[in-house]
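Undergrad: For reference, the structure I am asking about is given below.
The values are calculated or read from the model by the stated rules, or taken from the named source; none is laboratory data. Here the structure is a predicted model, which is why all the values come from computation and not from measurement. No Cβ is skipped: glycine too gets one built from the backbone with ideal geometry, and neighbour counts run over all protein chains shown. All accessible areas refer to the heavy atoms of the entire protein, side chains included, with ligands and DNA or RNA removed. Shrake-Rupley method; radii C 1.70, N 1.55, O 1.52, S 1.80 Å.
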Amino acid sequence: MAKKLFIQTYGCQMNVYDSARMADVLTPLGYAACDTPSAADMVILNTCHIREKAAEKVYSELGRLRLLKDGRREAGDDMVIAVAGCVAQAEGAEIMRRAPYVDIVFGPQSYHRLPEMVARATRASASSKRGVLDTDFPVESKFDHLPDDSAARGPSAFLTVQEGCDKFCTFCVVPYTRGAEFSRPVADIEAEARRLVEGGAREITLLGQNVNAYHGPDEAGDTTSLAALLRRLARVDGLERLRYTTSHPLEMQDDLIDVHGSEDKVMPYLHLPVQSGSDRILEAMNRRHRASDYLAIIEKLRRARPDIALSGDFIVGFPGETDADFNDTLSLVRAVNYTQAYSFKYSARPGTPAAELADTVPGDVKADRLAALQTVLDGQQQAFNRACTGRDMPVLLDRAGRRPGQLVGRSPYMQAVFVEAPESRLGTVASVRIVDGHANSLAGVLDTAAAA
Ligand code: SAH
Ligand code: SF4
Ligand code: F3S
């Protein structure tokens with residue numbers, strides 16, 4: 001009988017990719033996806049450890065799941081609760097202690113072993129039950145043990161090409177939760193891309209915590225750059241769009257910048273986090289470049305692809321950040337002119353070098369700086385969206401809208417575009433006339449003349 005699986009995903013796109021692959025691993029065991037935890041035989045929380053708030057969510061969600069599990073047990077049934085992802089990796093044993101009703105805890109690099117973990121967790125009788133913990137960084141790569149099948153992941157799909165990080169920014173947990181940098185072989189990536197396209201994908205976003213550090217081997221064993229990988233994937237028939245995220249400024253080599261000018265399938269959009277515009281803070285963060293280096297990269301990108309849209313990540317209130325440092329961040333933001341961005345208050349993470357520093361910036365100052373920064377960033381985003389009014393754009397219609405008869409898609413610049421369109425257009429790139437630009441999205445109409 002089919003068993004029901006519910007996966008709740010937190011954090012970055014790499015977790016979204018991992019969740020899809022966990023479902024692939026569990027399909028042969030008879031698990032099929034369902035929409036609510038209350039209907040599920042197994043619930044996986046795929047967690048994020050990047051900021052304190054993200055990690056806290058796990059325990060409150062586990063409290064709710066415990067009630068569901070108790071209810072199922074009273075009815076003579078059971079529910080498997082599993083915690084995956086970066087919180088599992090960072091504090092697996094503590095989860096087992098604080099929430100002993102959790103059946104399985106496993107990290108981001110070991111989920112290919114899920115079938116045996118599930119067997120162990122369900123075999124044990126309810127009374128003798130001990131949780132299963134697997135937060136190894138196995139010597140074998142999970143990618144070599146995942147099923148090939150990559151069930152249809154929709155018109156816009158994620159594909160992990162690189163994992164882990166050796167950069168050790170002083171504020172960040174990723175090097176500890178995801179482990180050392182690792183690049184998948186080119187042939188494996190191309191094969192997965194072809195399967196995704198056969199399943200209906202028109203756009204693929206290559207993922208990695210440090211994706212532009214990609215250096216996987218090709219068939220001859222030669223090291224391949226991300227630029228070369230993109231050029232190779234651009235030749236896959238039926239694939240119309242390529243993106244990649246997230247990049248580090250240090251790895252933004254000239255060949256990668258050039259790809260933005262030479263490959264039409266590489267979309268004119270780049271997420272390139274800088275975190276701060278102050279050289280002093282960049283150094284304390286161990287980012288290993290100056291603000292001027294970042295601006296020089298942006299200039300080169302714009303030379304290669306004048307319409308490229310830029311996005312970034314920012315942290316305000318890093319230990320020791322002064323008003324002058326923060327003003328340097330505002331100046332950098334004004335110089336770049338982002339079309340979208342993410343900004344966060346610094347959150348001290350256990351085990352990172354920055355957590356040893358005194359958290360010198362008071363909470364209210366952090367809040368004021370975040371609000372000031374977001375005002376500037378939101379203004380830039382709105383101005384860009386408004387300026388798109390009247391333009392025709394190719395839009396990949398990748399999901400149904402909330403209203404009947406409405407589809408939602410992505411512009412080349414990553415904006416969400418709402419369009420009245422028949423369902424038959426789902427999964428296609430349509431020519432759309434933009435009629436309105438809002439704070440977070442665009443409204444458009446199908447360019448029927450172009451579509452006919
Ligand atoms: N690999 C990516 C980012 C990974 S985390 C990169 O190198 O840019 C995503 C974002 O979360 C980071 O860019 C940073 O802005 C933010 N972040 C990471 N650690 C944080 C912390 N301790 N406090 C606040 N924000 C943090
Ligand atoms: Fe974290 Fe820095 Fe690595 Fe990005 S580059 S994942 S911010 S350590
Ligand atoms: Fe979060 Fe882990 Fe991604 S900490 S941002 S889920 S790599």
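Undergrad: Of the numbered conditions (1) part of a loop (DSSP other than H, G, I, E, B); (2) open to solvent by 30 Å² or more (accessible area, probe 1.4 Å), Ala201 fails exactly one; give the number of that condition.
TA: Failed condition: (2).
Undergrad: Out of all the residues in the range 364-383, which are surrounded by fewer than 18 Cβ atoms within 10 Å (Cβ to Cβ) and touching a residue at least 12 places away in the same chain (Cβ under 8 Å)? Reasoning before the result, please.
TA: First, the residues of the range 364-383 that are surrounded by fewer than 18 Cβ atoms within 10 Å (Cβ to Cβ): 364-365, 367-368, 371-372, 374-376, 378-379, 382-383.
Once the filter is applied, which keeps residues that are surrounded by fewer than 18 Cβ atoms within 10 Å (Cβ to Cβ) and touching a residue at least 12 places away in the same chain (Cβ under 8 Å), the range 364-383 yields Val365, Ala367, Ala372, Gln374, Val376, Asp378, Gln382.
Undergrad: State all residues of the range 309-348 that are open to solvent by 10 Å² or more (accessible area, probe 1.4 Å) and closer than 19 Å to Pro268 by Cβ; if no residue qualifies, say none.
TA: Asn337, Thr339, Gln340, Ala341
Undergrad: List every residue pair whose Cβ atoms sit under 6 Å apart, with the two residues 6 or more apart in sequence or on different chains, where the first one lies in the range 104-130 and is of a type in the set (Asp, Glu) and the second, anywhere, is open to solvent by less than 70 Å² (accessible area, probe 1.4 Å) and modelled with pLDDT of 80 or more.
TA: none
Undergrad: Next question, about the same structure. Residues of the range 278-302 being within 16 Å of ligand 2 (Cβ to nearest atom) and either hydroxyl-bearing (Ser, Thr, Tyr) or open to solvent by less than 10 Å² (accessible area, probe 1.4 Å) (or both), which ones?
TA: Listed by number, the residues that qualify are Ile281, Leu282, Met285, Tyr294.
Undergrad: Another one. Filter the range 25-36 for residues that are assigned to a helix (DSSP H, G or I) and surrounded by 19 or more Cβ atoms within 10 Å (Cβ to Cβ) and give the result. Break it down into steps so the answer makes sense when it comes.
TA: Residues of the range 25-36 that are assigned to a helix (DSSP H, G or I), as a first pass: 25-29.
Scanning the range 25-36 gives Val25, Leu26.
Undergrad: Inside the range 176-195, can you point out the residues that are in contact with a Leu (Cβ under 7 Å, 6 or more places away or on another chain) and either more than 29 Å from Thr135 (Cβ to Cβ) or within 16 Å of ligand 1 (Cβ to nearest atom) (or both)?
TA: Narrowing the range 176-195 to residues in contact with a Leu (Cβ under 7 Å, 6 or more places away or on another chain): 186, 189-190, 192-193.
Within the range 176-195, Val186, Glu190, Ala193 qualify.
Undergrad: Check whether at least one residue in the range 187-194 is assigned to a loop (DSSP other than H, G, I, E, B) and surrounded by fewer than 20 Cβ atoms within 10 Å (Cβ to Cβ), and report yes or no.
TA: Here is the first cut: in the range 187-194, the residues assigned to a loop (DSSP other than H, G, I, E, B) are none.
There is no residue in the range 187-194 that is assigned to a loop (DSSP other than H, G, I, E, B) and surrounded by fewer than 20 Cβ atoms within 10 Å (Cβ to Cβ).
Undergrad: Those residues that are farther than 22 Å from Arg305 by Cα and among the hydroxyl-bearing types (Ser, Thr, Tyr), I need them from the range 374-432; list them, please.
TA: Thr375, Ser424, Thr428
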